[in-house]
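Have a look at the structure below, then the notes.
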Amino acid sequence: MMMKYQVVILAAIVACCHAFAPPIHQTSAAAVTTKPNTLFLFDLKQRLQQNQRSPRQQQFSRHRIPQEELYYLSRGFGFSSSEGEDDSGSDPLKVPYSIDLTTSPTHISVTNGNTENQASRLLIRHLEIEDIKPILPEIVREFGAIATTTSSSSITTSSKLGDEIATWIENFLFSFTVLVGLDQRVERRKKGYDINKNLPPDHNVICLVEVTPVTNENGNAETTYYTEQIVGIAELSWQPPNPTRNAPPFVLPYFVKTLISRFTPNSNGEKEADESKLPKGYISNVLTWKTRRGLGYSRVLMAALEGIAVRWGCDDIRLHVDADEISGKVARALYWSIGYEAVPDKGNNKLGYEWMGPSMANQGLYLVEGVPLLYLRKSLKESKAYVQ
């Protein structure tokens, strides 16, 4: 009996340690990464080996998003500083941006051409307070703690009970962290776009929403209404340009980020120049719902965030991605295909890379809290990555 209580107490301590550890964000690319056995708190590292997806799951459908829409989004939603416009600090999503899917030649249903109940439009808009609770289950499924199943007869009842309690505690703390963190982000985004506040825009979390027509037949009359469903989220924020650290789960004031940036060494192991000691645009928390992957939605999220970064005045934008050969393969392919390049570690931070091969340091590999991640950067000056 005493042993059972010891297991419960130990599981609770382990879960709490995970909950309040510094976050390790693996921008899981918009999401086409493999589902891990165990994932931890909001933006924390994946601890266990991930399973390969079956060949059938790896077959993605053709993109349904018009390429010209992606280019328009990535260039700042039509903003052009060369034309003398002075709205770089304005909110590009004050009114949700709509993409018509019915005009695309690849408007093909996954149900053998039947377009009934298929999304006709995509909306890109801000995350609002009322959106947080509805999307929480999907976030927990993707990033929350998942108990590892085993058929071994050597696993005792006490061990199973301890695992279940640890999983429950982790998911509870995870949910609480997500609720608080996203609530902070929504409030910070509103302050950043408020002309009465002397604050730069920051922590812009966007939603990708499917708009689907639904037809009801009532006798001889037909009525059509539209349903909206969030199918993806992603975030743009200002972060210190430190390849060995990720964005924290909670919002930091901009002046704190500036102070941290002043003491952040660059990839050459030296301090940044005075004019560069400022936070940089950073993409994180990119997630497309599992049932909507392979439709090009990740590219829409990335293009929209890059467009917002252009409006913020960013010259480039950065992110971390999983360096694992299996779990990060699709994510890396996505980022490289839209113009992201490695920021090589030319300093003294190569210790521990040998097991991944001698060339990994030149691919932007950094050990972040013991987890190998790639640090990528993309120039936002007239990028043509979204033009066919």
Efficiency of FRET between residue 120 and residue 190 - r from beta-carbon atoms, R0 25 angstrom, step 0.05: 0.25
Net charge of Cβ neighbours under 13 Å - reference residue 341; Lys, Arg +1; Asp, Glu -1: +3
Residue-span extension gain [residue 228 to residue 215] - 0.36 nm each, minus C-alpha spacing: 3.2 nm
Ordering of 284-291, 214-221 by burial proxy (mean other Cβ atoms within 10 Å per residue, highest first): 284-291, 214-221
Fully extended contour minus Cα-Cα distance, from residue 256 to residue 102, at 0.36 nm per residue: 50.9 nm
Length-normalised contact order of segment 167-211 in % [C-alpha pairs under 8 Å, at least 6 apart]: 28 percent
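Values in this text are rule-based calculations from the coordinates and carry no lab data. The structure displayed is predicted, hence computed values, not measured ones. Neighbour counts are summed over all protein chains in view; Cβ atoms, including those assigned to glycine, are modelled from backbone coordinates with ideal geometry.
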